[in-house]
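First up is the structure itself, then whatever we jot down about it.
Each value in this text was obtained by applying a stated rule to the coordinates, not by laboratory testing. Since this is a predicted model, take the numbers as computed values, not measurements. Note that each Cβ is placed from the backbone with ideal geometry, even for glycine, and that neighbours are counted across all protein chains shown.
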Amino acid sequence: MSPRLQIDEMVVEHRTKRGVVHAVAGVSLELAAGETLGLVGESGCGKSSLARAIVGLNTPKSGAIRIDGRATDPRRRGAQARDIQMVFQDPYGSLNPRMSVRELVEEPLSVHRLGNRAERVATAKALLERVGISAAMHDRLPHQLSGGQRQRVGIARAMALEPKIVICDEPVSALDVSVQAQVLNLLLDLQKEQELTFLFISHDLEVVRYVSHRIAVMYLGVIVEIGPAEGVWSLPLHPYTRALMQTAGDAERVAATGPMVTLSSELPNPLNPPSGCRFRTRCPLAIEVCARDVPALEDFGDGHRVACHRAGEWASTATPAHA
Amino acid sequence: MTPSASAPKGALLDVEGLSILIKDKRGDVRAVDDVSFSVAAGETLAIVGESGAGKSLTALALMRLLPKTLGVEAKRITLAGQDLTSPSELDIRKVRGSVMAMIFQDPLSALNPVLTVERQLVEAIRLHETISRTDARARALELLDMVRIPAASARLGEYPHRLSGGMRQRVMIAMALAGRPKLILADEPTTALDVTISGQILDLLKELQRDLGLGMLFITHDLHVVRSVAHRVAVMYSGRVVESGSVADVFERPRHPYTEGLIQARPHGSFVTDGHRLREIAGTVPVPAARPPGCAFEPRCVRAEADCRQVVPPLVREAGTPRSLACFHPLQQEQYA
């Protein structure tokens, strides 16, 4: 069976005054129906560029997107656009401030000419009810809503076209902790009801762990580690993944499964990425070969793949630490 | 609460009954309502809460950086032995920067974009010390070394926009240290940074605090950050402190339903395949003007009873413990095992 979403060797470039940034430098991913792939990485690693290219907001330089095995035009128009929708980080910036809540949810339906006016009104009402926005709020404007309510409206808008795939770009980062739980529960419920596929981008590792079936770690435009959430969590193999988990408060578990990795410097200039392994300039474990050869994603079993010349050294000796 | 109970002997900063009023024709609204806390030298107190809790206002009120439209009232504020309850502009200028200094969330807007790092640092240094420009430049270099900026002398000539987020925050910290303060007010200093960088900045702050014996008031919404930097924590909700105590104690055995709700609302190390559901706190934080007459958390609280709707529960210190609590129906410690 072909995967619900397949990304093949996607490359996204941004032209800047000082040169071309390869924001996404050849990323391939496969997501099954009903699956969540969590995508983590620092800002500037290309995760949002990748997300926007998948939704069709950026035009990728090369690469293919297949939905259920069918190739799609990256600049999807018309019916194709319905399959992939996006939930944005900042619901305030992504909602038209002059449209009411009801109009905002109706808009995608009218753009795609779905149903007549009465049907659209009914659909919008049902969607808003589903995401927990009471009828009293349907005529309000975005600025009259709280952050959590705005994000619910953003989710209702994304769901309006009954997509198969939803790209969630930091959907709870701008929300308060008590409201984050509400929105995460809502997203997971919707996923179960409609067998949605999520690409879930977040810098919050605990949130990613909570929602993801699989986790992918991105660094300077490439995937450095990907695998089942439990595998990546209990035995992070790439030094960068280990560094992320160490700083996120899991130092003990990292120490138990191999070398500790403390990052001292910051992301190198993306205009001129390092040769060989892109992480080597920040990697305390880098050796000669890392500057020469680009490491390929190597399978360590159970679909846990890592792009590191040295990962084998600790992959074999360490036993997964169960958190 | 008796004043002596809230102020450990030798507290660097002691605040009692601080309120911040939004002046309004229909009556003043208390954005921060009767908040008390203290910070000792070498100690970090974290104030944690969601947006609108009044955390940042509290720090700005101490620095007297609030706009004139907001009124500040306090029963007592003392800083390093000095009474700052109702300071004159001159009093506050004497302590601002040299006794207490602030680190802001967004260094790009807190730094002057048209001046080099050197100009800004030298200005800050010479505000507090009468030294020559050459000596001030040497001191600026020393400060940049202190905050671990590599190739410091090359960085002196840079403008803020040329620096990365982490470097900018280090420059902010260097500027805060320029006047050799005893107390640092850090308002979400790592919120705008990436995880890896935020870890570095937190480590730096912890080291500086230890080496210089600084007191630190650390404002954050992130429970994880509280765990990593603070000795004690005060949880704020809608302008009031609802629970305070040592970090380990409050996080392991939360007694206020809001504190417990905050902790439970975060993912707890489960995987999606476990099917664990996060516990939600229904509703949202009330705006100060619409705060209910009793406990501000009552409309969202599962333990609320009739008395919670009528009277504001006072923050009461538990006998024989460093723990304070403002709740009529707290969780019993056994219940949370």
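Membrane-span-like helices in chain A (whole DSSP H runs, Cα extent of at least 15 Å along the helix axis, mean Kyte-Doolittle hydropathy of at least -1.0): A:101-111, A:117-130, A:147-159, A:177-194.
For the protein assembly as shown, the share of alpha carbon pairs falling in successive 20 Å distance bins from zero is 17, 48, 32, 3 percent.
Label point of A:Leu271 set 7 angstrom out along Cα-Cβ; within the range B:142-170, amide nitrogens under 20 Å from it belong to B:154-168. Counting only lysines at least 8 places from B:Lys55 when in the same chain, those with an alpha carbon closer than 30 Å to its own are B:Lys9, B:Lys23, B:Lys25, B:Lys68, B:Lys75, B:Lys94, B:Lys182, B:Lys206.
I'd like the antiparallel share, as a percent to the nearest 5, of DSSP beta bridges with both residues in chain A.
The antiparallel fraction comes to roughly 60 percent.
Computed from Cα atoms, the angle from the helix B:195-212 axis to the main principal axis of chain B rounds to 80 degrees. Comparing A:Pro91, A:Pro268, A:Pro142 in a Gaussian network model of chain A, where Cα atoms under 10 Å apart are tied by springs, the biggest mean-square fluctuation is seen for A:Pro268.
Per residue of A:259-265, other chain Cβ atoms within 10 Å of the residue Cβ number 3 on average. Backbone amide hydrogens, once placed in the peptide plane, bring A:Val224 within less than 5 Å of A:Val217, A:Met218, A:Tyr219, excluding anything fewer than 5 places away on its chain. Note on A:Ala255 and A:Val294: the extension gain reaches 11.4 nm, defined as 0.36 nm multiplied by sequence separation minus the Cα-Cα distance.
Can you tell me the FRET efficiency between A:Arg70 and A:Asn185 if r is taken as the Cβ-Cβ distance and R0 is 22 Å, rounded to the nearest 0.05?
Values: r = 32 Å, r/R0 = 1.47.
It comes to 0.10.
Here is how the number arises for chain A: DSSP H runs of 4 or more residues each give -39500 (n - 2.57), the sum is divided by the residue count, and the result at 222 nm is -9500 deg cm²/dmol.
Shielding value for A:240-248 is 3, the average number of Cβ atoms from other chains within 10 Å of each residue's Cβ.
Between helix B:133-146 and chain B there is an angle of about 40 degrees, using the helix long axis and the longest principal axis of the Cα atoms. Simple spin-label estimate for B:Ala282 and A:Lys125 gives 2.4 nm between the two label positions (7 Å along the Cα-to-Cβ direction from each Cα). Principal axis extents of the Cα atoms in chain B, from largest to smallest and rounded to whole angstrom, are 67, 54, 41.
Start at zero, step by 10 Å, and the Cα-Cα distances of the range A:179-234 spread as 20, 51, 26, 3 percent across the bins.
Relative to the longest principal axis of the Cα atoms of chain B, the long axis of helix B:165-177 lies at roughly 80 degrees. Within the shell of other residues whose beta carbon sits under 10 angstrom from the beta carbon of A:Leu186, the net charge comes to 0, with Lys and Arg scored +1 and Asp and Glu -1.
In this label model, A:His112 and B:Arg133 are separated by 6.5 nm, measuring between points 7 Å along each Cα→Cβ vector.
With the highest mean first, a sort of the peptides B:160-167, A:275-282, A:259-266 on other beta-carbon atoms found within 10 angstrom per residue produces A:275-282, B:160-167, A:259-266.
B:Arg303 to B:Asp274: extension gain in nm, 0.36 nm per residue of separation minus the Cα-Cα distance?
Values: separation 29, 0.36 × 29 = 10.44 nm, distance 2.80 nm.
Value of the extension gain: 7.6 nm.
Other residues within the sphere of radius under 12 Å centred on the Cβ of A:Leu196, judged by their own Cβ, net out at -3 (K and R +1, D and E -1). Counting only the Cα atoms, the range A:219-272 fills a convex hull of 83 Å³ per residue.
The convex hull built on the alpha-carbon positions of the range B:117-159 has an orientation-averaged projected area of 2.7 nm². Cα-based radius of gyration for the range A:1-137, normalised by 2.2 N^0.38 Å, reads 1.23. Taking a straight line from the alpha carbon of A:Lys164, these lysines sit under 19 Å away, with near neighbours fewer than eight places off in the same chain left out: A:Lys192. Within chain B, what percent of beta bridges assigned by DSSP are antiparallel, to the nearest 5? Of the beta bridges lying entirely in chain B, close to 60 percent run antiparallel. For a label point 7 angstrom out from the Cα of B:Leu65 toward its Cβ, which stretches of the range B:77-97 have the backbone nitrogen within less than 13 Å? Under cut-off, by backbone N: B:96-97. Legend: mean number of C-beta atoms from other chains within 10 angstrom of residue C-beta atoms, peptide B:260-271, equals 5.
Taking the DSSP beta bridges in the protein assembly as shown as the whole, what percent of them are antiparallel, to the nearest 5?
Working: 56 of 92 bridges.
Within the protein assembly as shown, antiparallel bridges account for around 60 percent of the total.
The trypsin sites (Lys or Arg not before Pro) of the range A:81-118 that meet both conditions, a loop assignment by DSSP and at most 14 other Cβ atoms within 10 Å of the site Cβ, are A:Arg98, A:Arg113. Local charge sum around A:Gln144 (other residues, Cβ-Cβ under 15 Å, Lys/Arg +1, Asp/Glu -1)? With Lys, Arg at +1 and Asp, Glu at -1, the neighbours total +3. Debye-formula intensities of chain A, expressed as log10 I(q)/I(0) at q = 0.06, 0.11, 0.15 Å⁻¹, are -0.22, -0.72, -1.23 (one equal scatterer per alpha-carbon, no solvent).
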